[in-house]
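Reading through the structure tokens given below for one structure.
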Ligand SMILES: C[S@@+](CC[C@H](N)C(=O)[O-])C[C@H]1O[C@@H](n2cnc3c(N)ncnc32)[C@H](O)[C@@H]1O
């Protein structure tokens, strides 16, 4: 069987990932960001490319006992680290590719792609799949907390497995999401990060 170089790459850095983050600072930024996204307490939120579970943990802090997080990642080693760190019955972990999800249509109230969008090989196909599992009226966020230029510099200097994983300008991401049926609510980028919020129309 041919192995996916990105899976091999992310499996290989799973145990080191949190050591590269300032976790208390990240936790504060994620909490403040989630307040701005206006996450409601009883939502079912899909965390795409959950990695070691830092966004999942921040989401759980906002959710009530009725809220749920579906956390997915192509790297089973990332999920192993996340599971060890975040033990909560409101989260379910899934080792799967955003391109082909196991969830039914309209399962999620909200989808967050935090620090993962540049890594998708087929972004349009991923956007269509995310649109399938999102309920009408639900929001999809493409979100980063560091500026696009910096993300692209880091990837360009990294392993060949991710060195071509470039984050496009917000206008380009917004245009692609609109072309597959989303309504764009926000598209902004600055030194503080990158956010495109796309809403699935209620039809
Ligand atoms: C840069 S890391 C960020 C992890 C996490 N979101 C965070 O910020 O801590 C990107 C993550 O996305 C995952 N990933 C990459 N491509 C994916 C795909 N097609 N489907 C699901 N997960 C993917 C990787 O395995 C990795 O864990």
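The values are calculated or read from the model by the stated rules, or taken from the named source; none is laboratory data. Everything numeric here is computed off the predicted structure, so don't read it as measured data. Glycine also receives a Cβ, built like all others from the backbone with ideal geometry; neighbour counts cover every protein chain displayed.
Observations on the model:
- Restricted to the stretch 73-102, and to residues there that are closer than 27 Å to residue 170 by Cβ and touching a helix residue (DSSP H, G or I) at 6+ places or on another chain (Cβ under 7 Å), the residue that is surrounded by the fewest Cβ atoms within 10 Å (Cβ to Cβ) is 100.
- Counting only strands (runs of 3 or more DSSP E) that fall entirely inside the stretch 91-182 and contain at least 1 residues that are closer than 19 Å to residue 21 by Cβ, the qualifying elements are 108-114, 134-144.
- Complete set of residues in the stretch 184-203 that are within 18 Å of residue 131 (Cα to Cα), in contact (Cβ under 8 Å) with a residue 24 or more places away in the chain and surrounded by 13 or more Cβ atoms within 10 Å (Cβ to Cβ): 185, 195, 196, 197, 198, 199, 200
- All told, residue 60 falls short of being within 10 Å of the ligand (Cβ to nearest atom), buried (at least 16 other Cβ atoms within 10 Å of the Cβ) and either farther than 22 Å from residue 120 by Cβ or modelled with pLDDT of 95 or more (or both).
- Per this entry, residue 126 is not counted among residues that are touching a residue at least 60 places away in the same chain (Cβ under 8 Å) and over 17 Å from residue 39 (Cβ atoms).
- Residue count, the stretch 107-131 (criterion: away from the ligand (no atom under 13 Å from the Cβ) and surrounded by 15 or more Cβ atoms within 10 Å (Cβ to Cβ)): 5
- Residue identified as away from the ligand (no atom under 11 Å from the Cβ), within 20 Å of residue 106 (Cβ to Cβ) and at pLDDT 95 or above among 84, 68: 68
- One residue from 47, 11 being surrounded by 16 or more Cβ atoms within 10 Å (Cβ to Cβ), over 16 Å from the mean Cα position of the chain (by Cα) and within 12 Å of the ligand (Cβ to nearest atom): 11
- Residue 70 meets all of the listed conditions (1) out of contact with any helix residue (DSSP H, G or I) (no Cβ under 7 Å at 6 or more places or on another chain); (2) within 24 Å of residue 193 (Cβ to Cβ); (3) assigned to a helix (DSSP H, G or I); (4) free of Cβ contacts under 8 Å to residues at least 40 places away in the same chain but one, namely (3).
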